[in-house]
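I have placed the structure first, in the form of structure tokens, so that the comments after it can refer back to it.
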Amino acid sequence: SLQLVQNTAARILTRSKKYEHITPVLASLHWLPIKYRADYKVLLLTFKAVNGLAPLYLTEMIAPYKPT
């Protein structure tokens, strides 16, 4: 999985051992785990689209909620 690839890359970059916990290693690199990174990216793009900071094609896909 992508998480295993990220963990391996983090261990190579920090020269960490395989038996060390990966969470502090990722934190030292300021890397989010894959599942949280995906959520973060979606939320960031949504925020930018709502606030007119994203490309127009994304901004046009977002419509504000208007209760009836």
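We did not get these values from a lab; they are worked out from the coordinates using the rules stated. Computed from a predicted structure; not experimentally measured. Every residue, glycine among them, receives a Cβ derived from its backbone with ideal geometry; neighbour counts consider all protein chains shown.
Things worth noting here:
- Calculated FRET efficiency for the pair HIS30/VAL50, C-beta based, R₀ 22 Å, to 0.05: 0.30
- Using distinct alpha-carbon pairs, which all enter the 1/r mean, Kirkwood radius of the chain in Å: 14.4
- Computed from Cα atoms, the angle from the helix 34-50 axis to the main principal axis of the chain rounds to 20 degrees.
- The chain: relative contact order as a whole-number percent, Cα under 8 Å and 6+ apart: 20
- Amide H to amide H distances under 5 Å link ALA54 with ALA49, where only residues 5 or more positions off or on other chains count and H is placed in the peptide plane.
- Of PRO64, PHE47, LEU13, farthest towards positive along the dipole that unit charges on Lys, Arg, Asp, Glu beta carbons give the chain: LEU13
- Cleavage-rule hits, chymotrypsin sites (Phe, Trp or Tyr not before Pro), region 4-43, DSSP coil, Cβ neighbours within 10 Å at most 11: TYR19
- With Cα atoms, 0 to 90° folded angle of helix 2-14 axis to the chain main axis: 50
- Computed from the Cβ-Cβ distance with R0 of 22 Å, the FRET efficiency linking VAL42 to SER1 stands at 0.70.
- Label-to-label distance, nm, for residues given as ILE62 and TYR19 (7 Å Cα→Cβ offset): 4.8
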